[in-house]
Amino acid sequence: MLRCTNAALVAAALLFSVDARADAPTSQPTSQPTSQPYRTEVHGRSGEAHGEGRASSKVTRREMQERLPRSAPDVLRYEPGVYIQQTAHGQASAYIRGRTGQQTVLLFDGIRLNNSTFRQGPNQYFFTVDARTIQSITVVRGGASTRYGSDAIGGAIAAHPLAPIIDGRQRALLRVSPKLTMRAATADGEIGGRAQLAAQVGRHVAVLGGVGFRRLGLLEGGGVLRSPVTGEPAAVARLADDGRTQLGTGFRELASDVRLVAALGPRFELTAALYDYRQLGAPRTDQCPPFLAPITACLRYDEQFRTLAYARLVGRLGFAAARRVSLTVGYQNQHERRRNQRPASFVENGGRDDVHTLMILARASSAALQPRPWLSLALHYGLDVYHDRIESVAWTSFSDIDVVVPATRGQYLDGSTYTWGAIYTRAEATLLSRLTLRAGLRVTTTFARAPADVESGTLAVDRDWATVVGNVGLEWRALPWLSVLASVDRSFRAPNLDDMTSRQQTGPGFQFENPELLPETATTLEGGVRLEAGRLRAELWGFRAMLSDAIERAPRLVADCPPNTPQCATSTTRYQLVNLHDLATIHGVEAVLRLALPWHVGLRATLAYAIGSGPNPVIGAQPERLPLSRIPPLNGVVELRWRHGSGVYLGAAMRWALRQDRLSIGDEADVRIPTGGTPAFVVFDLRAGYRWTRHLLASLVVENVGDAVYRYHGSSVNGAGAQAIVSVELKP
C-alpha cells in the first residue's frame, strides 16, 4: 500500500511542466452562415467567449477521452484551482478558489443550471450533466457576476456540448454517421455505454442524438481511512467486512439527447435541443447508514432527474452596434425524489421536489470597430430572465401499521417562486495591439416569494433585491512572449429559496431556514502573468477575495428548532444560515506550467493554494475569527504524456494534496472529515491507448496504481482503490 509524506508532496509541487497539445482540438469555431458552401462543426452556440483576461483553463474532448473521467465534475480534476469533493458515489461538486455550490455558476451551452434550490456547500447538480455529451469545459476562476449573474463569487464552469456537422458541399439527400462507446471499470463494477447518431439532411439541416446508460455497484477503496491525529477510522463511509468496500455507493443512470441545427438562409441559424438525465437509486453515502445509526438506515435518492429543452436563434445583422445577435428561450426541470429509511423504527421519511425554470436570454455583440489605426473597440451586451416555480411535498410512512401521513410542508414551500432579471454590458478596447482594457456592468433585480405554513411555524417570504456589480481589468503584452494581467471584480449572490425556506439534513447535521438573510457580495483582486515562449507556457496568479455579509452556518440549540420538525431535535448538531457580521477573506495562488518536449512528449503540472477566514458566526464567542468551511488544502497534479504518429499514446499522472487541518465549526462537527482534518495523499495513474483516425479509439487507465487510501477534503467517499478503466469508441 502506498505511503506518502509531506516532503514527497512538496517535491511534487515543485515540478514544472509541459503539455504537448499541438494536436489536441481547441474549441470549435462558432459557425458563420454564408451564402457559399460551408463546413462547420458548431452551430447555434450561445455566443459567449469565456475567460478572456482572467484566470481560466479549458478541458478538451481529447483530454477527456484519455483521462476517462467518471462524471462531468471529474472532468475538472486536473484543472488548476479546482478541487472535486464527493458527498456520494453519485454526487460530486467542484470547489473553485475555496467556494462551491451556491457560490459558483454552472452553465450548459450558456444556460445556467443554478436555480433557487441550490444548497449551501457541495451539491450534486453538475453530476446531472452527462460527460459523454460534452465537447469541452471552460473554468473561469474568481468573481464573474458581471457576465454570469448571481452566484459567481468563486467562479464559473461552462460546459460546451457536442454539436452536429453541417457540410454545405454535401450533395446527397441524407448522410448518417453512427458511433458506439462502451466503458467498464473494476472498482465499482461499472458497465455503460452510449449509442450516437449524427445525420445531415440536404445542405442546411443536421441532427445529433444519443442514448447512454451506466450501472455502478459498491465502490471498493484502498482500505480504512484514518484520522491523522488519533489514528481512528473515519466515521464515513461505512465499510463492508472486507475493510475496502464502501456501503452507500452504487447507482444507475440513463441519459438521452437530441440537437438539431438548421441554416436559415445566409445570415441565421436555428438550434433546438433536448437533454434528459436520469439517475436512479443513488444513496447519499454519509447518510447510508448515518454515523452511529443501524446499518439498515439509509437516505437514498430514488430519482435525480434533470431535463433541459431550449431553442436558440443566432444571426448576423448589418448593424455595427449589433453585428452578431442571439435569442434563447428554454425550460428546465430539476426533479428529486428521496427516501430516508429507518427500518429499525418502522419509519420512512419521503419527499419530492420539482423546480420548473423558464428562461429568456438575449445577446448582442458589436462589430470590431477601429476609429483610429492604434485603437480597436468591441461591445457585448445582453438580457437574462429566469423564473423558478417550486413543487415540494413530504410524507412519513409507518411500515408496522401501513400508514402514510402527509407533512404540512416539504423540504421547500410548495408554490414558491423565484424570479430574477438582469441587463449587462461589457466593453473591450485594445491600444497599439499591446494593451487591452476590459470593463463591465450588470444590474439585477431579484424577487423571492414563498407562502407561510402555520402548522410548521414557517414564515412567508416576500423579498426583493436590486444589485449593481461590475468589473475592470487590463492585459498588457509587455513582451512578445510575456503578458501581465490584473482585474478588480465585484460579484454577488442573492439568498435563494434553499437559504430562506428549506429544512434538510446536511453533512454537519440538520439545517433550518432563515428568511431574513441579505445578499452576500465579494470584491476580488486578481493579478497574473502569462508566459508563452516556444515550447514553454506558464501562468502564475494571485488573488484576494473580500466577502461582505458572507453566508455561513451558525450552530443552534434544540430550543431553536422550528415546530413540528423532529429531525432537528434528534440530530447531533443543528445549524442555521446567517450573514457574517464582519468581512471574510480568501486569498491564494495558482500556477500551471506546460512544456512540449522533443519526440512528442508533453509535461504539465499545476499547483493551487487558498486560505480563508471569517468572523465567528456566534457573536461574542471565542476565537473571534475562524477558518471558512471546507476550503481545500495545497494541492496539484503532474501529467506526462507521449504520442506517436501511429496513433499510440502513453501517459502517467500524479494527484496530490497536503493535509487540511484548518477547520470551521461546521467542519469539526462534520463526520465526513476525520478528527483533526483530512489526511494528505498522493495517487499515481497510468494511461495508454490507440487512436485509428476517426474510426477507433481504445483507452485504458490504471487508476491509483499504489492502492492508496485517500479522500478529497470534505468528501464522504474514499477514492477508488487500484482499478482498471477501459473505454472503446467505434465509428464506422
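A short reminder: the numbers here are calculations on the coordinates, not readings from a lab. Just so it is clear, the structure is predicted and the values come from calculations on it, not from any experiment. Cβ coordinates were reconstructed from backbone atoms using ideal geometry, including for glycine residues, and neighbour counts include every protein chain displayed.
Determine the distance separating the Cα centre of segment 306-333 from the Cα centre of segment 150-171; give it in Å without decimals.
Rounded to whole Å, the Cα centres lie 13 Å apart.
Compute the normalised compactness of segment 78-219: alpha-carbon radius of gyration over 2.2 N^0.38 Å, N being the residue count. All intermediate terms of the calculation are to be shown ahead of the outcome.
Numbers: Rg = 18.3 Å, N = 142, 2.2 N^0.38 = 14.5 Å.
My calculation over the Cα atoms of segment 78-219 gives 1.26.
What list do you get for Trp656, Trp642 if you sort them by fewest beta carbons within 10 Å?
Working: Trp656 24, Trp642 16.
Exposure proxy ranking, most exposed first: Trp642, Trp656.
Where nothing but the Cβ of Lys and Arg (+1) and of Asp and Glu (-1) is charged, how large is the charge dipole of segment 507-617 around its Cα centre, in debye to the nearest 20?
Working: 9 positive and 11 negative charges, 133 e Å.
Roughly 640 debye, rounded to the nearest 20.
Near the amide H of Gln135, under 5 Å away, which other amide H atoms are found, from residues 5 or more places off or on another chain, if H is placed in the peptide plane?
His160, Leu162
Estimate the FRET efficiency between Leu317 and Thr445 by the formula 1/(1 + (r/R0)^6), using the beta-carbon distance for r and 25 Å for R0, to the nearest 0.05.
For Leu317 and Thr445, the calculated efficiency is 0.35.
Note down the relative contact order for the chain as a percent, whole number, built from C-alpha pairs under 8 angstrom at least six residues apart.
On the way: 2231 pairs, mean separation 106.3, N = 732.
Value for the chain: 15 percent.
Rounded to whole Å and sorted largest first, what semi-axes of the equivalent ellipsoid does the C-alpha gyration tensor of segment 220-315 yield via the square root of 5 times each eigenvalue?
Numbers: eigenvalues 432, 45, 23 Å².
Here the semi-axes work out to 46, 15, 11 Å.
Could you pull out every residue, at least 5 positions away or on a different chain, whose amide H is within less than 5 Å of the one on Gln723? Hs are placed 1.01 Å off N in the peptide plane, and Pro or chain starts have none.
Glu703
For segment 129-140, in order, what is each residue's ³J(HN,Hα) by Karplus, 6.51 cos²θ - 1.76 cosθ + 1.60 with θ = phi - 60°, in whole Hz (x at glycine and Pro)?
8, 6, 4, 6, 9, 9, 8, 6, 9, 10, 10, 9
Between Asp414 and residues 5 or more places away or on another chain, which pairs have amide H atoms under 5 Å apart, with H built 1.01 Å from N, and which residues are they?
Correct list: Ser392.
With point charges of +1 on the Cβ of Lys and Arg and -1 on the Cβ of Asp and Glu, referenced to the Cα centre of segment 406-504, which listed residue (Leu474, Ala450, Phe492) lies farthest in the positive direction of the dipole?
Ranked along the dipole, the leading option is Leu474.
Which whole-Hz couplings ³J(HN,Hα) result when phi for each residue of segment 322-331 is put into the Karplus expression 6.51 cos²θ - 1.76 cosθ + 1.60, θ = phi - 60°, listed in order with x for Gly and Pro?
Calculated HN-Hα couplings, in order: 9, 6, 10, 9, 8, 9, 10, 10, x, 9 Hz.
If you average the alpha carbon positions of segment 534-602 and of segment 185-215, how far apart do those two centres end up, in angstrom?
35
Under 1.5 on a/c is rounded, so check that first for the chain, then, if it is not, pick prolate when a/b is larger than b/c and oblate when it is not; a ≥ b ≥ c are the square roots of the alpha carbon gyration tensor eigenvalues. Mind showing how you got there, number by number?
Numbers: a/c = 1.36, a/b = 1.25, b/c = 1.09.
Rounded, since a/c falls under 1.5.
With a ≥ b ≥ c the root eigenvalues of the C-alpha gyration tensor of segment 518-560, is it rounded (a/c under 1.5), prolate (a/b larger than b/c) or oblate?
Values: a/c = 7.03, a/b = 3.27, b/c = 2.15.
Verdict is prolate for segment 518-560.
Given R₀ = 56 Å, what would the calculated FRET efficiency be for Val618 paired with Leu536, taking r from the Cβ atoms and rounding to 0.05?
After rounding, the FRET efficiency stands at 0.65.
How do Asp302, Asp489, Asp257 rank when sorted from fewest to most other Cβ atoms within 10 Å of their own Cβ? Don't skip to the answer; put the middle values down first.
Values: Asp302 15, Asp489 26, Asp257 22.
Listing Asp302, Asp489, Asp257 from fewest to most nearby Cβ atoms yields Asp302, Asp257, Asp489.
Within segment 590-616, find all residues whose amide N lies under 16 Å from a label point positioned 7 Å from the Cα of Val648 along Cα-to-beta-carbon.
From segment 590-616, the list is 599-601.
Sort segment 531-614 into rounded, prolate or oblate with this rule: let a ≥ b ≥ c be the square roots of the eigenvalues of the Cα gyration tensor; rounded if a/c is under 1.5, and if a/c is not under 1.5, prolate when a/b is larger than b/c, oblate otherwise.
Working: a/c = 6.53, a/b = 2.73, b/c = 2.39.
Prolate is the answer for segment 531-614, as a/c is 1.5 or above and a/b outweighs b/c.
In the calculated pair distance distribution of segment 397-496, what percentage of Cα-Cα distances lie above 23 Å?
Values: 2864 of 4950 pairs.
That fraction is 58 percent.
Compare the peptides 274-280, 54-60 by average per-residue count of other Cβ atoms within 10 angstrom and give them in order, highest first.
On the way: 274-280: 19.0, 54-60: 20.9.
Top of the packing list down: 54-60, 274-280.
For segment 290-414, state the semi-axes of the equivalent ellipsoid (square roots of 5 times the eigenvalues of the alpha-carbon gyration tensor), sorted largest first and rounded to whole angstrom. The partial results should precede the final answer.
Working: eigenvalues 564, 47, 22 Å².
Whole-Å semi-axes of the equivalent ellipsoid: 53, 15, 10.
From zero outward in steps of 5 Å, how is the percent of C-alpha pairs of segment 556-662 spread across the bins?
Final binned percentages: 2, 9, 13, 12, 11, 11, 9, 8, 7, 6, 5, 4, 2, 1.
Quick one: which of 471-479, 527-535, 396-404 comes out on top by average Cβ neighbours within 10 Å, and what's the full order, highest first?
Numbers: 471-479: 16.8, 527-535: 14.3, 396-404: 11.0.
In decreasing order of mean packing, 471-479, 527-535, 396-404 become 471-479, 527-535, 396-404.
Sorted from fewest to most neighbouring beta carbons within 10 Å, what does the list Ser376, Ser433, Ser326, Ser727 look like?
So the residues, fewest neighbours to most, are Ser433, Ser376, Ser727, Ser326.
Could you rank the peptides 224-237, 491-504 by their average count of other C-beta atoms within 10 Å per residue, with the highest value first? Write down the numbers at each step before the final one.
Values: 224-237: 17.3, 491-504: 25.1.
Taking the mean over residues of other Cβ atoms within 10 Å, the ranking is 491-504, 224-237.
Give me D for segment 154-276 in µm² s⁻¹, whole number, from Stokes-Einstein with Rh from the Kirkwood sum over alpha-carbon pairs, 37 °C and 0.692 mPa s.
178
If Lys and Arg each add +1 and Asp and Glu each add -1, what is the summed charge of the other residues whose beta carbon sits under 9 Å from the beta carbon of Leu663? Please list the in-between numbers first.
On the way: positive: Arg630, Arg662; negative: Asp661, Asp667, Glu668, Asp670.
Value of the local net charge: -2.
Given the DSSP H assignment, sum -39500 (n - 2.57) over each helix run of at least 4 residues in the chain and divide by its residue total; what's the result at 222 nm in deg cm²/dmol, nearest 500?
Numbers: 6 runs with 35 residues, N = 732.
Theoretical 222 nm ellipticity from helices: -1000 deg cm²/dmol.
Could you give me the ³J(HN,Hα) list for segment 466-471, computed from phi with Karplus coefficients 6.51, -1.76, 1.60 and θ = phi - 60°, whole Hz, x at Gly and Pro?
10, 10, 10, 9, x, 8
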